[in-house]
Amino acid sequence: VVIAAEDDFGITSLQLFRSLNGSSATPMACEVDGSAAQHEEIELPLDRFGLLPGDEIRLFARTEDNDLAGAKGAESPVTVVRIISTQEMQELMLREEGAQSIQAKYQASERFLENLAEAIRELQKAAEAAAAKPNSAEAAAELQKKIQAAQQSAAEAAKNMEKLAREPLPIDVDQELAKRLADMAGQASEAAEQLGQMVQSQAGNRPLTDQENEQLKKMAEKVASQRSQLEDGAIAPLEKLQLTLPLIVDQQRFAELAAQQRDLAQRLDSLRASADPKDPKTQRRIAELEAEQQQRRESLANLLDDISAHAEALPDDPDFSKLKTTAKEFAEEVRASQAAPSMSAAQQNLLSSDFPRAADQAKTAADILESFLSKCQGMGQGACKACELAFNPSAGAPSLGNSIKQMLAMMGMKPGMSQGSGQGMGFGFGAGGGFAMRSPGPNNVGLYGSLPIPQQRNSRGRGDRQTQGFATNSSASPQQAGSAAADERAEGQAAGQAASSVPPQYRSQVAEYFRQLAEQLGDEQ
């Protein structure tokens, strides 16, 4: 917990108040030196509090100054820390990292098996050396050491794999793979028991028997088979799913963008008859609508770039070749269409107060986007088919089942038809519709978004009568902005706390709002 307090003269008191599940807040005094700025970092030993999922810790701080006329105080807002379950944590990671968050547990299991396989290989070498020198005390001691190391590796693999198999996500693939992982953990536990028996039988420092050597051979073969099953039946298919899933989301984004462009065109149509370009209210509305059209145009460009990048990232695999070609062709065809130019024309006509043409151009852009919906749906369906091919039950992989729909639902895409999406995938955006539609991209991963892949913020439009709608809000990339925010927080200055607690993309939107407001006020004057 970081507390920062500032005063114009000096601070005499700084306290942290803490309560659990609505209990009375108890204060904890912090050391102060009387200077005008205090910065305190306190570590809460959560592991000793006996917390359970659902528990809430409420925190706030209080400070007082050294005013001779009477101390004045201030208190921070209450901060709530909620303890979440393992499944909730997995869902948060799923939103941030997609299928990689599922894949990670099986990669970790493979590493434990790899360590066990290496320990068994070392044990077999030591057994051969002890058999070659049956009277060597040094060889016998080395053999005993290697048996104990292998037994420890097997016990560690069993413990950790069993832990990873607990509480799988409510996704068909993860449910099935978790069962297989639990079986492997049981087999590793059996291996640990067999190796433990070898440890006891080696008390007389003798070489391994033929039966024990055969046990080691079978043990090594079983571990190799388990590693192969994890790689071919879990890790590789999940990696392909991670590469394919973005194109499924891109399909939904395109359908949503087409619906939003249609909505914008319908609202622009209301300006045709009665709008007075000189009316300040109309001018404000024109600026808002032009900015919205600018964002739609930028969203389309970002989306097409993402589709091309996601298609290029697909592996050189016959199962993905058709999808790769289809996605690239779709992006190129939309770029070559008049969708983006029509959006730009709508912006220019808005700024020149030619409202009928602005509405017509916005409608034309919506018509063009909707004409590509069937091809976009084909791309999404092809991506789903490629995912199904990546999971080959006949080769040991689990059936994909409803995993894609389940993952999309957990990632914030609610079941149901997207507006204007026809027969689509049956999922619409659970959040982020309207003017501030979220658009996944390669630069930013965080909990502010609701989609499964890294996200990229679309800048607000900032066209005006001087730039004819082509100026853009050139701000730092999300990664750079995030770093800047982190630097501000690291400084620990109270004056910077309010700004650094707001995500950078929203700060830039507020700045853009005031820029437009200043422009309108200047025109009125």
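The values are calculated or read from the model by the stated rules, or taken from the named source; none is laboratory data. Predicted model only: the values in this text are computed from it and were never measured. Neighbour counts run over all protein chains shown; Cβ positions are idealised from the backbone, glycine included. Areas reflect the complete protein model, heavy atoms only, side chains present, ligands, DNA and RNA absent. Shrake-Rupley method; radii C 1.70, N 1.55, O 1.52, S 1.80 Å.
Accessible surface for Asp183 stands near 100 Å², nearest 10, in the context of the full protein assembly shown (1.4 Å probe).
Given the options His39, Leu14, Phe49, identify the residue whose Cα lies farthest towards the positive end of the charge dipole of segment 9-119 (+1 on Cβ of Lys, Arg; -1 on Cβ of Asp, Glu). Checked the options; the winner is Phe49.
Projecting the Cα atoms of Ile171, Ala224, Leu245 onto the charge dipole of segment 144-249 (Cβ charges, centred on the Cα centre) puts Ala224 farthest toward the positive pole. Label sites at Glu31 and Ser352, each approximated as a point 7 angstrom past Cα along Cα to Cβ, lie 7.1 nm apart.
Counting 0.36 nm for each residue step from Leu68 to Leu517 and taking away their Cα separation leaves a gain of 157.2 nm. Using the Karplus relation 6.51 cos²θ - 1.76 cosθ + 1.60 with θ = phi - 60°, the per-residue 3J(HN,Hα) values for segment 176-189 come to 5, 5, 5, 4, 5, 5, 5, 4, 5, 4, x, 5, 5, 5 Hz, with x marking Gly and Pro.
The residue list Ser308, Gln266, Val334 was ranked by how far each Cα lies along the charge dipole of segment 208-340 toward its positive end, using unit charges on Cβ atoms, and Gln266 comes out on top.
Were the residues from Val2 through Ile83 laid out at 0.36 nm apart, the gain over their Cα-Cα distance would be 27.3 nm.
When +1 charges are put on Lys and Arg Cβ atoms and -1 charges on Asp and Glu Cβ atoms, the dipole computed for segment 96-153 relative to its Cα centre reaches about 280 debye. Under 16 Å from the Cα of Lys217, which aspartates and glutamates turn up, not counting those fewer than eight places away in the same chain? Excluding near neighbours in sequence, the set is Glu114, Glu118, Glu122, Glu128, Glu190, Glu193.
Asp305 sits with roughly 80 Å² accessible to a 1.4 Å probe, with DNA, RNA and ligands left out of the calculation. If you take the square roots of the eigenvalues of the alpha-carbon gyration tensor of segment 294-356 and sort them as a ≥ b ≥ c, do you get rounded (a/c under 1.5), prolate (a/b over b/c) or oblate? Prolate, since a/c reaches 1.5 and a/b exceeds b/c. Is the shape of segment 68-149 rounded, prolate or oblate, going by the alpha carbon gyration tensor and its root eigenvalues a ≥ b ≥ c, with a/c under 1.5 for rounded and a/b larger than b/c for prolate? Cα axes put segment 68-149 in the oblate bin. Counting only protein heavy atoms and using a 1.4 Å probe, the accessible area of Lys324 comes to about 30 Å². Measuring from label point to label point, each 7 Å out along Cα→Cβ, what is the Gln152 to Arg284 span in nm? About 7.2 nm, to one decimal.
Given Cα pairs under 8 Å that are at least 6 residues apart, what percent is the relative contact order of segment 230-354? 34 percent. Inter-label distance, Arg272 to Ala104: 5.4 nm, where each label sits 7 Å from its Cα along the C-beta direction.
When Val32, Val223 are compared by accessible surface with a 1.4 Å probe, the order from highest to lowest is Val32, Val223. Past 23 Å, Cα to Cα, is the threshold; run Lys163/Lys222; Lys324/Lys375; Lys125/Lys179; Lys328/Lys375 against it and keep the listed order. From the list (Lys163/Lys222; Lys324/Lys375; Lys125/Lys179; Lys328/Lys375), the Cα-Cα distance tops 23 Å for Lys125/Lys179.
Rounded, prolate or oblate for segment 126-271? Axes are the square roots of the Cα gyration tensor eigenvalues, ordered a ≥ b ≥ c, and the cut-off for rounded is a/c under 1.5. It comes out prolate by the Cα gyration axes.
Rg and Dmax of segment 240-349, based on Cα coordinates, read 17.9, 61 Å.
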